[in-house]
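In what follows, a single structure is set out as structure tokens and then discussed.
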Amino acid sequence: MADLPPARVTQDRVFADTGVDFAGPFLVKENTSRRAREVKAYMCIFVCTRVKAVHIELVGSLSTASYQAALERFVARRGLCRNIFCDQGRNFVGAAREMEEIRAFLQQTEEDVGTFLSTRNVEYRFNPPLSPWMGGLWEAAVKSAKTHLRRITSGRLLTYEEMATLLARVEAVLNSRPLCPLSSTDPHAAPSCLTPGHFLVGGPLIGPPEYNLLGTKDNLLDRWQAVQRASQEFWRSWHKDYLHTLIQRSKWNQHREAPSVGEPVFVY
């Protein structure tokens with residue numbers, strides 16, 4: 001197998017190299033009134049290629065403008081990216097083209113601004129067409145979030161604000177998944193794991209205490225408790241499925257020499 005790319009193994013800050021993708025649509029209400037109009041919403045997922053940290057933004061469409069707004073919010077909270085890896089969707093290509101035009105214009109108008117941008121350049125790296133496996137790192141995060149979100153929101157219509165809150169809690173769940181165990185010199189210390197949250201806040205992500213609302217009837221919950229229960233259901237569903245992925249199975253169980261030049265091979 002080939003070596004991992006530098007964006008996966010070299011030391012750098014979180015989200016310096018980021019993969020991005022969209023998922024959805026999800027139906028949401030404009031407000032809490034009974035006659036509120038239903039609209040489509042999507043989630044834009046940013047994944048750090050080094051520590052697998054996740055950042056989720058709720059957007060109203062798949063347009064270039066919606067993606068640029070989500071990118072601005074992401075950069076304001078997580079910092080500027082050096083490389084953004086994505087597929088060749090029209091919204092990503094349009095945003096990359098527009099950023100390149102702005103950068104070229106500013107470089108022509110003022111030398112100081114051009115020098116500033118050249119040291120803080122954001123490079124878009126598009127995957128080849130018809131090759132979804134090239135973005136397997138962030139596609140896995142999209143699948144993990146989308147599958148369980150559809151399961152817990154089925155038959156439950158949230159407002160745009162409630163969906164944004166739920167996605168923030170889902171983001172915290174994904175950033176709490178274990179990456180590897182932490183070594184400790186104390187034999188009596190409780191076992192702990194390194195998570196993406198350690199790279200974001202310096203420690204595990206700990207939320208405020210709340211009641212266990214699993215199994216409670218919908219008509220006994222207010223809207224905020226409904227969001228809490230939805231996030232608890234997401235955690236329970238995701239936790240069961242994620243444990244199976246921690247069982248390591250090596251794909252290559254036999255050592256074979258790489259073919260050399262001039263050696264006949266079978267291609268099938």
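The values are calculated or read from the model by the stated rules, or taken from the named source; none is laboratory data. On a predicted model such as this, the values are computed, not experimentally measured, just so you know. Quick reminder, even Gly has a Cβ in these numbers, built from the backbone with ideal geometry, and neighbours come from all protein chains shown.
Quick notes
- Of the helices (runs of 4 or more DSSP H) lying entirely inside region 114-203, those containing at least 3 residues that are at pLDDT below 75 and over 25 Å from residue 86 (Cα atoms) are 136-153.
- Taking region 23-43 as the range and being at pLDDT 80 or above and part of a strand (DSSP E or B) as the test, the residues that pass are 23, 25, 26, 27, 28, 29, 38, 39, 40, 41, 42, 43.
- Scan of region 15-47 for residues that are buried (at least 18 other Cβ atoms within 10 Å of the Cβ) and in contact with a Pro (Cβ under 9 Å, 6 or more places away or on another chain), ordered by number: 17, 41, 42
- When residues in region 44-74 are screened for being part of a helix (DSSP H, G or I) and among the hydrophobic types (A, V, I, L, M, F, W, C), 5 of them pass.
- Options 20, 51, 75; residue that is modelled with pLDDT under 85 and within 24 Å of residue 177 (Cα to Cα): 51
- Looking across 41, 7, one residue alone is within 22 Å of residue 69 (Cα to Cα) and hydrophobic (A, V, I, L, M, F, W, C). It is 41.
- Qualifying residue in region 9-21 (condition: of a type in the set (A, V, I, L, M, F, W, C), out of contact with any Ser or Thr (no Cβ under 6 Å at 6 or more places or on another chain), under 15 Å from residue 163 (Cβ atoms) and part of a strand (DSSP E or B)): no
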